[in-house]
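Before any comments, here is the structure.
None of the figures in this text is laboratory data; all of them are computed from the coordinates on show. These figures come from a predicted structure and were not determined experimentally. When we count neighbours, we look across all protein chains shown, and the Cβ atoms used for this are built from the backbone with ideal geometry, even at glycine.
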């Protein structure tokens, strides 16, 4: 059944598998990748994602979701402070006043959280 839906090159890769379970596991590894590949892909998305006009809620939700996926891949060093910095860096220019307010609050010793950005 698998041979009907994969390219010949992929079929050659999975042909040594003894059963379909092993073949599906190999396909999953090839297409979904290891945790390292997932981490790299998510980091790339997080650092390159920019907010589009009129999508502030979607943008923030997407960033939070990607952070949660990274945490699920045992990437616990991406703390909330760093994530807030990344989000603020990727906001539209029209949020300059908001950024100035946040900077003032940080200078006064307040901690910026993901919740305070939403």
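A few remarks follow.
- Taken along the Cα-to-beta-carbon direction at a fixed 7 Å, the label points for residue 68 and residue 94 span 2.7 nm.
- A quarter of the convex hull surface defined by the alpha-carbon atoms of the chain gives 10.0 nm² as the mean projection.
- Note on the chain: GNM, Cα springs under 10 Å; of 66, 12, 30, the largest mean-square fluctuation is that of 12.
- Most mobile of 61, 23, 72 in a GNM of the chain (Cα contacts under 10 Å): 23
- This ranking places 57, 106 by how few other beta-carbon atoms lie within 10 Å of each, fewest first, which gives 57, 106.
- Averaging the Cα positions of each part gives two centres, and for the range 47-73 and the range 95-118 these lie 18 Å apart.
- With neighbour counts taken as other beta-carbon atoms within 10 Å, the residues 59, 40 rank, fewest first, as 40, 59.
- Relative contact order (percent, whole number), the chain, Cα cutoff 8 Å, 6+ residue spacing: 22 percent
- Within a Gaussian network of the chain (alpha carbon springs, distance under 10 Å), most fluctuating of 84, 17, 75: 17
- Computed from the C-alpha gyration tensor, the three semi-axes of the ellipsoid equivalent to the range 32-97 are 23, 12, 9 Å, from longest to shortest.
- Mean residue ellipticity, 222 nm, helices only, the chain: the sum of -39500 (n - 2.57) across DSSP H runs of n ≥ 4, divided by residue count and rounded to 500, is -20000 deg cm²/dmol.
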